[in-house]
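The values are calculated or read from the model by the stated rules, or taken from the named source; none is laboratory data. Please read all numbers here as calculations on a predicted model, not as lab measurements. As a convention, Cβ positions derive from the backbone with ideal geometry for all residues, glycine included, and neighbour counts pool all protein chains shown. With ligands, DNA and RNA removed, areas are computed over all heavy atoms of the protein, side chains included. Shrake-Rupley method; radii C 1.70, N 1.55, O 1.52, S 1.80 Å.
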Amino acid sequence: FQPKVLAGRKVLITAGPTFEPIDPVRGITNHSSGKMGFALARAAQEAGAEVTLVAGPVHLPTPRGVRRIDVMTAQQMHDVVLPAAAQHEVFIATAAVADWRPATQSDQKIKKEGKKVAPTFALTENPDILAAVAALPGAPYCVGFAAESEQLLTHARAKLQRKRIPLIIGNLGPATFGRDENSLLVVDADSHHALPADGSQADKLTLARILMQELSQRLSNRTA
Ligand code: C5P
């Protein structure tokens, strides 16, 4: 049984990778499984929230009672999230959004035959969805995720400031992609703590449920 600490709150979550097409059969993506974002969506729904989950291409069932919108590219995710954000009190960005996409997309499959040299691709930057939501007037309470291979706390703090968000969750690792367990570092402007507290591993749903309790406390402190 989960206490309904988010009853009546509207929560928007991004999850999974994005897929940036090169041509009709190829693209750039990453190893994000979407498991952490889907666990958070389930935990938020269990906690009584009305949840919208914007998911990149993943192979996961939709948590019960959650509204899901599927997208492929970072631009599509941005275009769904931005207009929806103002109607939500919380935005949790777990998606591993591709930082760059091919500058142009070929309508036809790029053929190998007849090419003497390998093709090269110019890349262009994708929008930073989390930073864009945080910059909205009346922005929801924004939570970011950080996957760093070193100096997690330093990078997480820098990310808080750069994206102007109140809370960031770092993956303490080992590499979390696709795994059912994780170890997190919860970082705000002036404090941080590990989840689980002893730095051990816990399954993503357990972590998501604890995060919802913390989130509800932070929301009530904000409005108090
Ligand atoms: O800047 P970096 O990618 O390290 O930041 C990670 C955080 O920002 C994650 O919460 C991720 O979901 C979000 N993000 C985003 N749009 C991007 C890049 C990252 O929402 N284009």
| Quick one: in the range 177-201, which of the residues that are open to solvent by 20 Å² or more (accessible area, probe 1.4 Å) and in contact (Cβ under 8 Å) with a residue 40 or more places away in the chain is nearest to the chain's Cα centre (by Cα)? | PHE177
| Is it true that ARG222 is touching an Asp or Glu at 6+ places or on another chain (Cβ under 9 Å) and not in a strand (DSSP E or B)? | no
| note | In the range 11-27, anything buried (at least 17 other Cβ atoms within 10 Å of the Cβ) and part of a strand (DSSP E or B) is listed as VAL11, LEU12, ILE13, THR14, ALA15, PRO17, GLU20, ILE22, GLY27
| query | Any chance the range 139-154 includes a residue that's open to solvent by 90 Å² or more (accessible area, probe 1.4 Å) and over 22 Å from LEU184 (Cβ atoms)? | reply | no
| query | Can you name the condition, by its number, that ALA41 falls short on among (1) open to solvent by 10 Å² or more (accessible area, probe 1.4 Å); (2) part of a helix (DSSP H, G or I)? | reply | (1)
| query | When you scan the range 104-128, how many residues do you find that are in a loop (DSSP other than H, G, I, E, B) and either in contact (Cβ under 8 Å) with a residue 24 or more places away in the chain or within 16 Å of the ligand (Cβ to nearest atom) (or both)? | reply | 10
